[in-house]
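Report on one structure; see the data block that follows.
The values are calculated or read from the model by the stated rules, or taken from the named source; none is laboratory data. Since the structure is predicted, the reported quantities are computational estimates derived from the model, not experimental observations. Cβ atoms come from the backbone with ideal geometry, glycine included; neighbour counts cover every protein chain shown. The area values use the complete protein model at the heavy-atom level, side chains included, leaving out ligands, DNA and RNA. Shrake-Rupley method; radii C 1.70, N 1.55, O 1.52, S 1.80 Å.
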Amino acid sequence: MKVLVTVKRVVDFNVKIRVKSDATGVETSNVKMSMNPFDEIAVEEGVRLRESGTADELIAVSLGTAQCQETIRTALAMGADRGILVETDTELEPLAVAKLLAAIAKKESPDLIIVGKQAIDGDCNQTGQMLATLLGWPQGTFASKLSLSGGTANVTREVDGGLETVSLTLPCVVTTDLRLNEPRYASLPNIMKAKKKPIDTLSPEDLGVDVTPRLTTLTVEEPQGRQAGVLVKDAAELVDKLKNEAKVI
Ligand code: AMP
């Protein structure tokens, strides 16, 4: 069984985001970049399937600039067998990513594609759903548990009212939620071994996909700073302030 996981290079979740002075986006130069956290969970799930013998090949795919190689290397150090980089300097929207991944899926014929539920930079939460639709495959989104047996994937999903378990026929697309697993750190020997694992580089043209953006970002602004709070001496003063200053009661 072949498993494909997607790994996006994003601004590290610990970094305080700075908006560019011309309000066109967020600053990414000289900023620590890392694998999208939901994609670390996708890689971990793929590695566990590989280690249990359920999967015999795990491929990590990233799309973007040449630096995405580093993100693929991290996935290889965690246990993926090989990588595919689709290299482009064009800013990729989820539909373009989904089309590129669909083209790779047609070449590679994986049985399972594990995608993060959301990239923490754009917060789109669209790629996995679009990919499943383009391929005409079933999808299990926001997975908190995945089990595979005999051509079927059972996916437990975190939904508003609790947990829902769906049964999907392979091949299918699964998107990861936070509680699916706890991703491992790559050990130093595995980081060294990963340097020798192969990464194929393709272009969007090789895959026959037009990635021209369809959306225009009008403006990106910082949220308004919060005002300092005040201490009140008793409940009466609090009620007075809520009524006469904040005018919320
Ligand atoms: P989004 O729909 O943008 O929130 O992204 C959802 C998931 O799609 C991410 O967690 C990744 O697994 C995958 N994805 C999106 N963009 C890329 C990319 N440029 N390279 C690799 N994977 C991506």
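With the condition kept exactly as written, say whether any residue in region 62-76 is in contact with a strand residue (DSSP E or B) (Cβ under 8 Å, 6 or more places away or on another chain), more than 15 Å from the ligand (Cβ to nearest atom) and over 20 Å from residue 88 (Cα atoms).
Within region 62-76, the first condition is being in contact with a strand residue (DSSP E or B) (Cβ under 8 Å, 6 or more places away or on another chain), and the residues that meet it are 62-76.
Checking which are more than 15 Å from the ligand (Cβ to nearest atom) leaves us with none.
Scanning region 62-76 turns up no residue that is in contact with a strand residue (DSSP E or B) (Cβ under 8 Å, 6 or more places away or on another chain), more than 15 Å from the ligand (Cβ to nearest atom) and over 20 Å from residue 88 (Cα atoms).
Among all residue pairs at least 6 apart or on different chains, which show Cβ distances below 7 Å where the first residue, located in region 41-67, is more than 20 Å from residue 109 (Cβ to Cβ) and of a type outside the set (A, V, I, L, M) and the second is open to solvent by 20 Å² or more (accessible area, probe 1.4 Å) and within 9 Å of the ligand (Cβ to nearest atom)?
Qualifying pairs under 7 Å: 64/9; 64/92; 67/9.
From the list 87, 51, which one is within 12 Å of the ligand (Cβ to nearest atom), at pLDDT 95 or above and over 17 Å from the mean Cα position of the chain (by Cα)?
Answer to the selection: 87.
Among 177, 160, 234, which is the only one that is within 23 Å of residue 99 (Cα to Cα) and among the acidic types (Asp, Glu)?
So the residue among 177, 160, 234 that is within 23 Å of residue 99 (Cα to Cα) and among the acidic types (Asp, Glu) is 177.
Contact list please: Cβ distance under 8 Å, first residue in region 6-19 and more than 23 Å from residue 126 (Cβ to Cβ) and open to solvent by 80 Å² or more (accessible area, probe 1.4 Å), second residue of a type in the set (Asp, Glu) and away from the ligand (no atom under 16 Å from the Cβ), pairs at least six apart or on different chains.
18/27
Among 200, 160, 121, which is the only one that is within 23 Å of residue 14 (Cβ to Cβ) and either free of Cβ contacts under 8 Å to residues at least 24 places away in the same chain or surrounded by fewer than 18 Cβ atoms within 10 Å (Cβ to Cβ) (or both)?
Criteria check complete, one pass: 121.
Can we say residue 40 is within 21 Å of residue 13 (Cα to Cα), at pLDDT 95 or above, open to solvent by 50 Å² or more (accessible area, probe 1.4 Å) and within 12 Å of the ligand (Cβ to nearest atom)?
yes
How many residues does region 130-139 hold that are open to solvent by 50 Å² or more (accessible area, probe 1.4 Å) and either under 13 Å from residue 95 (Cβ atoms) or within 9 Å of the chain's Cα centre (by Cα) (or both)?
Selection size over region 130-139: 3.
Whether any residue in region 172-184 is within 16 Å of the ligand (Cβ to nearest atom), hydrophobic (A, V, I, L, M, F, W, C), at negative phi and open to solvent by 30 Å² or more (accessible area, probe 1.4 Å) is what I want to check. Even if it seems obvious, please write down each step before you answer.
Here is the first cut: in region 172-184, the ones within 16 Å of the ligand (Cβ to nearest atom) are 172-181, 183.
Restricting the remaining residues to those that are hydrophobic (A, V, I, L, M, F, W, C) gives 172-174, 178, 180.
In the following step, the residues that additionally are at negative phi were identified as 172-174, 178, 180.
From what is left, the residues that are open to solvent by 30 Å² or more (accessible area, probe 1.4 Å) are 178.
Among the residues of region 172-184, at least one is within 16 Å of the ligand (Cβ to nearest atom), hydrophobic (A, V, I, L, M, F, W, C), at negative phi and open to solvent by 30 Å² or more (accessible area, probe 1.4 Å), which makes the answer yes.
For residue 114, all conditions in the list (1) near the ligand (Cβ under 10 Å from one of its atoms); (2) open to solvent by 60 Å² or more (accessible area, probe 1.4 Å) hold save one; what is the number of the exception?
Going through the list (1) near the ligand (Cβ under 10 Å from one of its atoms); (2) open to solvent by 60 Å² or more (accessible area, probe 1.4 Å), residue 114 breaks only (2).
Within region 90-110, can you find the residues that are within 12 Å of the ligand (Cβ to nearest atom), over 21 Å from residue 153 (Cβ atoms) and outside any loop (DSSP other than H, G, I, E, B)?
Within region 90-110, 94, 95, 96, 97, 99, 100 qualify.
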